[in-house]
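Engineer: Quick one: this structure, given as structure tokens, is what I'll be asking you about.
The values are calculated or read from the model by the stated rules, or taken from the named source; none is laboratory data. As the structure is a computational prediction, the values presented were derived from the model and not from experiment. Glycine also receives a Cβ, built like all others from the backbone with ideal geometry; neighbour counts cover every protein chain displayed.
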Amino acid sequence: MAKKLFIQTYGCQMNVYDSARMADVLAADGYEPTAAAADADLVILNTCHIREKAAEKVYSTLGRLRRLRREARGRGRDMMIGVGGCVAQAEGEEMVRRAPVVDIVFGPQTYHRLPDMVVRARGGERVVETDLATRPKFDALGATPPAGAVTAFLSVQEGCDKFCTFCVVPYTRGTEYSRPAAQVLAEARALVRRGAREITLLGQNVNAYHGAAPEGDGVWSLTRLIGALAGIEGLDRVRYTTSHPRDMDAGLIAAHRDVPQLAPYLHLPVQSGSDRILAAMNRNYSTAEYLRIVDRLRAARPDIALSSDFIVGFPGETEEDFEATLALVRAVDFAAAYSFAYSARPGTPAAEASDQIPDAVKSARLQRLQDVLAASTRAFNAACVGRRLDVLFDKPGRHPGQAGGRSPYLQAVHVDCGDDAAARALVGSIRPVAITAASANSLTGTLVSGSAHPPHPRSAPAPESARSVPA
Ligand code: SAH
Ligand code: SF4
Ligand code: F3S
């Protein structure tokens, strides 16, 4: 009988990609997925260390797993428990001490060796693997991704050399590594053969991508890679995330004008609207530089939807700094955003700062920021009512007879199809939808024939002079 595998994923899209690859690696070893942890022979938590809350969740889940394992043993079955991802990397040996229920602790760059770790754990060893070299993993994984999804993630770059003073990622994922372009293209072709119509290229600093060229000894930029992906027959949409403003170069901005498959959406975290705070964060750009990038993007692709990440309550943030963030939000009109209260992370420089902000101040600022951001998203969605948007349908909707998909701007769109069979038949296709209603988080519409793409009303066409993108 096949052994059963349950994976719980926390954190970013990169972890989602990694979990799928873990399932892949273990499938070769006879494990098939189950939706219930209680039935599993192997439970894996793929963890996130980015904020304290995320990391602490792991230990409360391990407490529950300890009970499940005891019950499984009562029924004569064993359950092995592995913890992977960024908490595993950050804590290593410490984790087996703090949570003796864990059999295997493995960092993000080691999971290609899971079958071997499982064998060793079965032999009674407490396995801890926290090497940080990225290359062996991707070389071992090869280019056969998991099958079946209409939209797929593809990690092209991992790690980070930027060392923002608040962030654990350089310590949990290691230094920047870009996969060779040929490996990425092979994986993308395999995904498309298996039904993907949209691929999101992933990296902690995806626009710093510089992978070995398919031939010769040069390197490809992300722009070059996107150009090659656009040549894959059947791949209709390409997205990439997460980008750093510092690496948003003229070529990539121009790709938003020149490559039709490149979606008019960009997640470009700014973190703060105060130059003083940006400098203390070691972000290496000013608000003026960020706004200039936004202008150039909108000149290249007038309807581009922008999203961002924000941290409030970074050490030393004054009311004036915070108001500068609100001003930047009002100036940019983001289509979507994620905002967080600063969380001091062990080992990062900002955690040592003496001017930490009280929790009550952080929560109050976060609430004020989120109110402004939510209004911005609502306005963006509302401006879509009355437009036709091409929707890539990727799943049946929540209600009977409904199909769900994504607009080019990454908004969730629901359409009533009459019955479930019609809804299922839509999955995998891109169809024009007349948008009839908008809410804070999604759009509703009806299928229409033909295709039309009037630009988003928020963005007036760029003046001729702004159409070529200066460096
Ligand atoms: N590489 C991306 C971000 C990866 S982490 C970038 O450079 O933008 C995702 C988001 O988590 C960050 O953009 C930041 O907004 C948030 N974040 C990271 N560390 C944090 C911390 N210590 N406290 C609160 N939020 C944090
Ligand atoms: Fe973290 Fe900064 Fe690197 Fe992003 S760029 S992963 S925020 S250190
Ligand atoms: Fe979290 Fe690691 Fe991603 S810390 S955000 S899972 S890179």
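Engineer: Here's a check for you: in region 268-301, which residue that is touching a strand residue (DSSP E or B) at 6+ places or on another chain (Cβ under 7 Å) and polar (S, T, N, Q) is farthest from Ile253 (Cα to Cα)?
Structural biologist: Restricting to residues being touching a strand residue (DSSP E or B) at 6+ places or on another chain (Cβ under 7 Å) and polar (S, T, N, Q), the top hit is Ser272.
Engineer: Any chance region 51-68 includes a residue that's within 30 Å of Arg239 (Cα to Cα), touching a residue at least 60 places away in the same chain (Cβ under 8 Å) and not acidic (Asp, Glu)?
Structural biologist: yes
Engineer: If you don't mind, there's one more thing I want to ask. Give Ala55, Ala40 a once-over and let me know the one that is among the small types (Gly, Ala, Ser) and under 30 Å from Asn205 (Cα atoms).
Structural biologist: Numbers: Ala40 fails: under 30 Å from Asn205 (Cα atoms).
Answer to the selection: Ala55.
Engineer: Picking from Gly251, Gly211, which residue would you name as being part of a strand (DSSP E or B) and touching a strand residue (DSSP E or B) at 6+ places or on another chain (Cβ under 7 Å)? Write out each step before concluding.
Structural biologist: Values: Gly251 fails: part of a strand (DSSP E or B).
None of the other options fit; the residue is Gly211.
To keep it simple, each residue is scored yes or no on (1) in the same structural domain as Tyr265 (by TED's automatic domain parsing); (2) within 14 Å of ligand 1 (Cβ to nearest atom); (3) in a loop (DSSP other than H, G, I, E, B).
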residue	(1), (2), (3)
Cys167	yes, yes, yes
Thr172	yes, yes, no
Arg189	yes, no, no
Gln204	yes, yes, yes
Glu215	yes, no, yes
Gly227	yes, no, no
Ile232	yes, no, yes
Leu235	yes, no, yes
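Engineer: Let me ask you something else. Taking the conditions exactly as written (assigned to a loop (DSSP other than H, G, I, E, B), touching a residue at least 60 places away in the same chain (Cβ under 8 Å) and among the polar types (S, T, N, Q)), does Ser343 satisfy them or not?
Structural biologist: Working: assigned to a loop (DSSP other than H, G, I, E, B): yes; touching a residue at least 60 places away in the same chain (Cβ under 8 Å): yes; among the polar types (S, T, N, Q): yes.
Yes; evaluated as a whole, the condition is true for this residue.
Engineer: Have a look at Ala335, Ala327 and point out the one that is away from ligand 3 (no atom under 16 Å from the Cβ), farther than 25 Å from Lys53 by Cβ and surrounded by 21 or more Cβ atoms within 10 Å (Cβ to Cβ).
Structural biologist: On the way: Ala327 fails: surrounded by 21 or more Cβ atoms within 10 Å (Cβ to Cβ).
Within the list Ala335, Ala327, the selection yields Ala335.
Engineer: Just to be sure I understand, how many residues within region 1-17 are within 16 Å of Met80 (Cβ to Cβ), within 16 Å of ligand 3 (Cβ to nearest atom) and surrounded by fewer than 21 Cβ atoms within 10 Å (Cβ to Cβ)?
Structural biologist: The total comes to 1.
Condition check ((1) within 16 Å of ligand 3 (Cβ to nearest atom); (2) at pLDDT 95 or above) across all residues:
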site	(1), (2)
Pro108	yes, yes
Ala133	no, no
Gly142	no, no
Val156	yes, yes
Lys162	yes, yes
Leu185	no, yes
Ala190	no, no
Arg193	no, no
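Engineer: Tell me whether region 401-415 contains one or more residues that are in a loop (DSSP other than H, G, I, E, B) and modelled with pLDDT under 95. Talk me through it step by step, then tell me what you get.
Structural biologist: Here is the first cut: in region 401-415, the residues in a loop (DSSP other than H, G, I, E, B) are 401, 407-411.
Narrowing the set further to residues that are modelled with pLDDT under 95 leaves 401.
Checked against the condition, which is being in a loop (DSSP other than H, G, I, E, B) and modelled with pLDDT under 95, region 401-415 yields at least one hit.
Engineer: Please go through region 40-74 and pick out each residue that is of a type in the set (S, T, N, Q) and either away from ligand 3 (no atom under 16 Å from the Cβ) or in a helix (DSSP H, G or I) (or both).
Structural biologist: Applying the first criterion (of a type in the set (S, T, N, Q)) to region 40-74 yields 46-47, 60-61.
Scanning region 40-74 gives Ser60, Thr61.
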